[in-house]
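Quick notes on the structure that follows.
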Amino acid sequence: MRKIRVGLVNPDALPGPILQSILPLLNIYYLERIEETALKKGLSTQAIWRRLWDELMKTRPSSLESVTCWRAKFMEAFFSHVLRGTIDVSSDRRLCDQRFSPLLHSSRHVRQLTICNMLQGATELVAEPNRRVLETLASSLHTLKFRHLLFSDVAAQQSLRQLLHQLIHHGAVSQVSLYSWPVPESALFILILTMSAGFWQPGPGGPPCRLCGEASRGRAPSRDEGSLLLGSRRPRRDAAERCAAALMASRRKSEAKQTARAAPTTRVTRRSTQESLTAGGTDPKRDLHPPATSYEAPGTKQPPSAPATTSSASASSSTSSSKRAPASSAPQSKPLKRFKRAAGKKGPRTRQGSGAESEDLYDFVFIVAGEKEDGEEMEIGEVACGALDGSDPSCLGLPALEASQRFRSISTLELFTVPLSTEAALTLCHLLSSWVSLESLTLSYNGLGSNIFRLLDSLRALSGQAGCRLRALHLSDLFSPLPILELTRAIVRALPLLRVLSIRVDHPSQRDNPAVPGNAGPTSHIIGDEEIPENCLEQLEMGFPRGAQPAPLLCSVLKASGSLQQLSLDSATFASPQDFGLVLQTLKEYNLALKRLSFHDMNLADCQSEVLFLLQNLTLQEITFSFCRLFEKRPAQFLPEMVAAMKGNSTLKGLRLPGNRLGNAGLLALADVFSEDSSSSLCQLDISSNCIKPDGLLEFAKRLERWGRGAFGHLRLFQNWLDQDAVTAREAIRRLRATCHVVSDSWDSSQAFADYVSTM
């Protein structure tokens with residue numbers, strides 16, 4: 001009865017104390033509805049939502065996550081659990097109410113949705129009973145993530161196509177992220193990419209989109225409209241467009257066969273196909289040199305074309321990919337092993353066609369075909385994807401990408417640990433060349449290899465487009481055919497309007513003088529020695545592989561980046577301290593706007609004079625020396641010099657020194673920075689992982705009290721030896737909290753040391 005009365009009474013008519021007493025008794029539906037009234041009466045429901053999270057979700061948020069609204073966080077997670085069927089709403093009275101739809105009620109709080117495994121939830125969302133749920137998601141959802149995707153059937157992909165069409169093309173989704181996809185299914189990957197780029201073509205037998213309008217429903221653009229969309233004002237398409245067109249055509253063909261349960265696919269041999277094409281007047285081994293083009297909006301200026309040799313090389317690359325595994329990021333002495341299919345999935349290796357699933361066409365094309373010899377059989381889909389040494393797929397009657405309509409596209413694309421085959425890389429590069437709405441691109445550990453040259457060409461074409469918005473690029477990989485500094489120079493030249501560049505290569509190139517593979521074309525336009533034009537770079541982060549780096553190349557990038565405000569160098573090694581000094585001198589002369597400077601995992605034990613030079617820089621506001629072995633040599637002489645430099649610097653606000661073995665003696669010497677005769681304005685200090693003991697920390701706190709310094713901000717003490725005397729450590733932290741905000745942890749130093757010894 002209490003529950004029924006609460007539902008009938010107007011919450012605005014309830015006094016504050018009564019409303020506060022009944023809030024914990026409400027289920028999530030009434031609690032969510034009464035939220036606005038509670039706020040008007042000065043009542044907060046955050047504690048109730050937090051308790052619901054702890055009791056029902058049973059997970060602890062990350063320590064790095066700052067939860068501002070527990071109601072929104074709970075309802076978003078609740079939506080995902082109900083959609084995947086991982087929570088039973090009837091198991092708890094707080095979740096169960098027949099008058100409310102869990103999905104519809106919580107959908108307006110969903111800002112981020114994750115689709116996992118075999119596309120669970122996609123079919124449910126596009127079903128007619130959940131039409132209002134999908135409409136609500138289209139206006140509330142901003143980020144769409146895919147994690148650990150597996151092989152999916154045609155029906156699931158058709159549902160995903162409709163879902164992406166409504167959420168991206170007719171919705172508000174601005175970011176698509178793919179995580180941990182070790183063996184990408186090519187059809188699904190191409191579908192996600194093309195839909196994210198704004199291309200739409202209904203699947204075979206799929207329902208028409210009611211949001212596209214009666215005039216354009218079921219209508220493909222005309223030839224002229226398609227030419228405007230893709231800039232196809234030329235007799236032949238480039239290699240990337242041919243690949244994308246063939247991939248989409250093959251996917252539609254396989255879906256049509258799956259729907260109609262048609263006869264098995266026709267198989268032809270490479271030799272017979274080449275003979276038939278030659279007889280028909282098409283030479284499959286001719287060299288194509290089409291001018292590079294990209295998307296051109298009406299009335300805009302066409303960007304300069306890339307060299308023709310690049311397109312020709314791209315075509316030849318597709319040919320070579322049928323004889324070997326996708327290009328690796330580093331030269332190998334032995335052939336790389338090909339990715340295998342997931343366990344439990346049978347590859348289309350049987351020759352009899354009646355039992356073969358057409359959904360496995362792409363696995364056959366990209367996995368099995370690479371192991372075939374010239375005389376073995378091939379699928380028509382592989383022939384169309386460039387296995388005929390650059391022949392145009394249009395000669396086989398395949399429709400092109402121009403048949404797609406173009407809608408709204410996303411602004412942020414992230415690919416984390418998604419290996420890209422040559423075909424996938426070609427398609428991505430082709431889409432990028434005209435993706436003017438893209439603002440941020442992240443490619444992390446995708447095994448690009450020599451495809452990095454095609455990526456640079458597509459980024460250069462994109463930069464020449466009117467209205468290009470790309471301002472942030474994050475690129476990381478295990479290997480790179482180009483040394484990292486040459487790659488950085490090429491990116492900065494290709495994208496002069498870039499604001500944020502983060503680039504990391506884990507292992508060095510095995511070539512002293514990198515020669516570009518024959519299938520990627522010449523690179524005189526990529527890694528030339530000409531000066532870098534002035535750019536708009538504001539943030540530069542670089543993670544270097546092992547080996548000494550040429551300081552002049554880094555200096556050339558810094559000289560061209562006059563607007564640089566933040567620089568981070570990770571694992572950088574220079575031939576001598578003089579080279580490091582040259583970099584610092586360049587920063588002082590050319591990067592006058594630099595505010596934040598970070599060094600991580602660099603041996604600066606022999607660069608103490610250069611470190612002092614930095615600490616005397618009156619333009620820097622924050623400096624980080626993380627695991628840089630600062631006090632490994634001459635600590636007794638260097639520490640007083642360092643403290644003196646900091647005491648005279650009134651602009652430095654933050655100093656981070658984690659992992660430098662500062663110890664108790666170094667900490668006490670550092671305390672002098674806050675003395676009465678100091679002009680330092682330091683307000684953030686990070687001394688994590690510095691072998692600091694409780695007694696040293698207590699003496700540090702007493703000195704701060706003695707000098708009467710006010711609160712100076714934040715003090716980070718992670719992973720120090722404070723567990724050796726818990727009582728003294730607590731007393732030291734209590735005293736420190738009177739002058740600053742202390743962030744620490746309960747770190748077991750003995751266990752950490754044992755773990756370190758066990759891994760030696």
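Summary of computed values
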{"item": "Filter result (open to solvent by 40 Å² or more (accessible area, probe 1.4 Å), among the aliphatic types (A, V, I, L, M) and under 23 Å from D54 (Cα atoms)) within region 105-121", "result": "none"}
{"item": "Test: residue in region 723-738 that is free of Cβ contacts under 8 Å to residues at least 60 places away in the same chain and within 12 Å of S688 (Cα to Cα)", "result": "no"}
{"item": "Strands (runs of 3 or more DSSP E) lying entirely in region 422-510 (those with 2 or more residues that are β-branched (V, I, T), in contact with a strand residue (DSSP E or B) (Cβ under 7 Å, 6 or more places away or on another chain) and open to solvent by less than 20 Å² (accessible area, probe 1.4 Å))", "result": "500-505"}
{"item": "Region 654-684, residues that are more than 20 Å from E705 (Cβ to Cβ), in a loop (DSSP other than H, G, I, E, B) and without any contact (Cβ under 8 Å) to a residue 60 or more places away in the chain", "result": "L657, G659, N660, R661, L662, S679"}
{"item": "For E705: the one exception among (1) closer than 23 Å to N649 by Cβ; (2) over 40 Å from the mean Cα position of the chain (by Cα); (3) open to solvent by 70 Å² or more (accessible area, probe 1.4 Å)", "result": "(1)"}
{"item": "Selection status of R661, surrounded by fewer than 19 Cβ atoms within 10 Å (Cβ to Cβ) and modelled with pLDDT under 90", "result": "no"}
{"item": "Wholly within region 122-197, helices (runs of 4 or more DSSP H) carrying at least 2 residues that are open to solvent by 10 Å² or more (accessible area, probe 1.4 Å)", "result": "122-126, 131-140, 154-164"}
{"item": "The listed residue being at pLDDT below 85, among the charged types (D, E, K, R) and surrounded by 12 or more Cβ atoms within 10 Å (Cβ to Cβ), out of K73, K3", "result": "K3"}
{"item": "First in region 571-593 and at negative phi and of a type in the set (S, T, Y), second anywhere and open to solvent by 40 Å² or more (accessible area, probe 1.4 Å) and part of a helix (DSSP H, G or I), Cβ under 8 Å, 6 or more apart", "result": "T586/K559; Y590/K559"}
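Here's the yes/no breakdown for (1) at positive phi; (2) surrounded by 14 or more Cβ atoms within 10 Å (Cβ to Cβ); (3) under 36 Å from the mean Cα position of the chain (by Cα):
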{"residue": "S688", "(1), (2), (3)": "no, yes, yes"}
{"residue": "K693", "(1), (2), (3)": "no, yes, no"}
{"residue": "H714", "(1), (2), (3)": "no, yes, yes"}
{"residue": "Q719", "(1), (2), (3)": "yes, yes, yes"}
{"residue": "A726", "(1), (2), (3)": "no, no, no"}
{"residue": "R730", "(1), (2), (3)": "no, no, no"}
{"residue": "R734", "(1), (2), (3)": "no, no, no"}
{"residue": "R737", "(1), (2), (3)": "no, no, no"}
{"residue": "C740", "(1), (2), (3)": "no, yes, yes"}
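The values are calculated or read from the model by the stated rules, or taken from the named source; none is laboratory data. Note that the structure is a prediction, hence the values are computed from the model and not measured. Note: ideal-geometry Cβ built from the backbone for every residue, glycine included; neighbour counts use all protein chains shown. Side chains are part of the model used for accessible areas, which takes the heavy atoms of the whole protein and leaves out ligands, DNA and RNA. Shrake-Rupley method; radii C 1.70, N 1.55, O 1.52, S 1.80 Å.
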